[in-house]
Amino acid sequence: MRALCWAGTDELAVREVPDPELRNAQDMIVRVRRSATCGADLALLGGRTPFLAVGDVLGHEFLGEVVEVGPEVRRHRPGDRVVVCAAVSCGACWFCRQGLFACCDNGSTGPAVTEAAWGQPTGGCYGHPGALGGFAGSHAEYVRVPYADVGAFRVPEPVSDDRAVFASDAAPTGWMGAELGGVGPGDVVAVWGAGAVGQLTAGAALLRGAERVIVVDRHDDRLRMVQRHVGAEPLNYRYVDVAAELRERSGGRGPDVCVEAVGAEAEAPGRWGGGADRPLALREAVHSCRKGGTVVVLGTWTGFVDAFPLGAVMNKGLSVRSSRQHGQRWIPMLLDRMARDELRTEHLATHRLPLERGTEGYALFRDRADGCVRAVFSP
Ligand SMILES: [Zn+2]
Ligand SMILES: [Zn+2]
């Protein structure tokens, strides 16, 4: 089959690779219909992730059609249209049973890497072949889906492929941002980052009854999108003092919940477990948050952060929460909301390309060129 492979630092190439096969009774094979780029992939592209090898297939957000199921798969049949959670989790270990799917003990075939970097193994993720589980990615014609009954979900008929593909990662991550922040009616919420995750966090906060939701970014085209498609308020940090402006819009106190949806990959160098991630947006979120409020870290971070304002966290009585997304918990609910037209995501797919033009899609996405929010590939 054809697949978009890592070819070295900042290099991608579409290559011929072996077709995936069923390896366990709970596996299935999915023919990919849509596969989206994600900020988390940029660290891989830049060669900042250990154990990535030339020829590894990238991509973790996808939707497709089931073509083959293992003997123990109960919930899926060939022909089903499914969206697959980007996180690989067993559904049966202690952490999965608590709903902490991203913390799964059995989601990785090579837990030594995450044990060394973070002290414990975590769940896997597609398209992070060496470091997060050993699973080939979705920028390909076919994907092997382990634990198929746990991680794959039938897409309701009225939901388009371009909408549903975001239920794989960006939408559950956004929902989790609002949930970890405990967002409820009357809250003022600020979100740093107007990419797909930031926009979907803002949308989730509004669905949960937030009174005001403000999205902070530097790109006017993204902020216009936030206004038009999400209904949140834009705030361009190039023109104003963010903390002062947020106080102004929240009764002089600061937002109740501040969500960082920027992450380290876009700008900072550094490697897993040893890298110096640069937390500029995170620092601003901590400083802007009202006393007693909650700061949620949603961006992808892998290493250490220096100059983190711990003094502000302690003296302002802040709660800091974070996780990789536990999508298995929320994807069915998000698909229902998509089917009822409460949650629209297709505007995020600003660039639709054939897989053959994957390299070009990543260049657009990485450089934020031509208003690119996400490039979505079809094999
Ligand atoms: Zn992602
Ligand atoms: Zn598990």
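The values are calculated or read from the model by the stated rules, or taken from the named source; none is laboratory data. These numbers were taken from a predicted model, which means no experiment stands behind them. Here Cβ is always computed from backbone atoms with ideal geometry, including for glycine, and neighbour counts include all displayed protein chains. Areas reflect the complete protein model, heavy atoms only, side chains present, ligands, DNA and RNA absent. Shrake-Rupley method; radii C 1.70, N 1.55, O 1.52, S 1.80 Å.
Stretching the chain fully between R23 and E68 yields a gain of 15.0 nm (0.36 nm per residue, less the alpha carbon separation). Peptides 285-292, 323-330, 254-261, 44-51 ranked from most to least packed by the mean count of surrounding Cβ atoms within 10 Å: 254-261, 323-330, 285-292, 44-51.
Magnitude of the Cβ-charge dipole of region 12-66, K/R +1 and D/E -1, about the Cα centre, nearest 20 debye?
In debye, rounded to 20, region 12-66 gives about 140.
Annotation note: GluC sites (Glu not before Pro) in region 39-73 located in DSSP loop regions with a Cβ neighbour count of at most 14 within 10 Å are E72. Per residue, the convex hull spanned by the alpha carbons of the chain comes to 122 Å³.
With a ≥ b ≥ c taken as the square roots of the eigenvalues of the C-alpha gyration tensor of region 304-353, please select rounded if a/c is under 1.5 and otherwise prolate if a/b is larger than b/c or oblate if it is not?
Taking the square roots of the gyration eigenvalues as a ≥ b ≥ c, region 304-353 is prolate.
Electrostatic tally near Q199: other residues with Cβ closer than 11 Å to its Cβ, Lys and Arg +1, Asp and Glu -1, net +3. Considering only H229, L180, F304, the residue lying farthest towards the positive end of the dipole of the chain is L180, judged by Cα position with unit charges set on Cβ. Relative to the longest principal axis of the C-alpha atoms of the chain, give the angle of the C-alpha long axis of helix 196-207, reported between 0 and 90° and rounded to the nearest 10°. The answer is roughly 60 degrees. The magnitude of the dipole of the chain, with charges of +1 and -1 set on the Cβ of Lys/Arg and Asp/Glu and taken from the Cα centre, is near 760 debye. What residues have an amide H closer than 5 Å to that of W192, excluding those fewer than 5 places away on the same chain, when H is modeled at 1.01 Å from N in the peptide plane? HN-HN under 5 Å from W192: V216, V259, E260, A261.
Helical content alone sets the calculated 222 nm signal of the chain at -6500 deg cm²/dmol, taking -39,500 (n - 2.57) per DSSP H segment of four or more residues and averaging over every residue. Across region 125-223, the fraction of Cα-Cα pairs farther apart than 20 Å, rounded to a whole number, is 52%. Looking at region 31-91, the accessible area is 33 square angstrom per residue; that uses a 1.4 Å probe and ignores ligands, DNA and RNA.
How about region 167-222: which trypsin sites (Lys or Arg not before Pro) there are in a DSSP loop, with at most 16 other Cβ atoms within 10 Å of their Cβ? Within region 167-222, the qualifying trypsin sites (Lys or Arg not before Pro) (loop, at most 16 other Cβ atoms within 10 Å) are R218. At a Cβ-Cβ separation cutoff of 4.7 angstrom, cysteine residues of the chain with no neighbouring cysteine are C5, C38, C85, C90, C93, C96, C103, C104, C125, C372.
With just the Cα atoms defining each centre, how far is region 161-202 from region 302-379? Give it in Å. Centre-to-centre distance over Cα atoms comes out at 8 Å.
Rounded to the nearest 20 debye, the dipole magnitude of region 53-145 is 280 debye, with +1 charges on Lys and Arg beta carbons, -1 on Asp and Glu beta carbons, and the Cα centre as origin. Rg over Rh for region 8-148 works out to 0.96, using Cα positions for both radii and the Kirkwood form for Rh.
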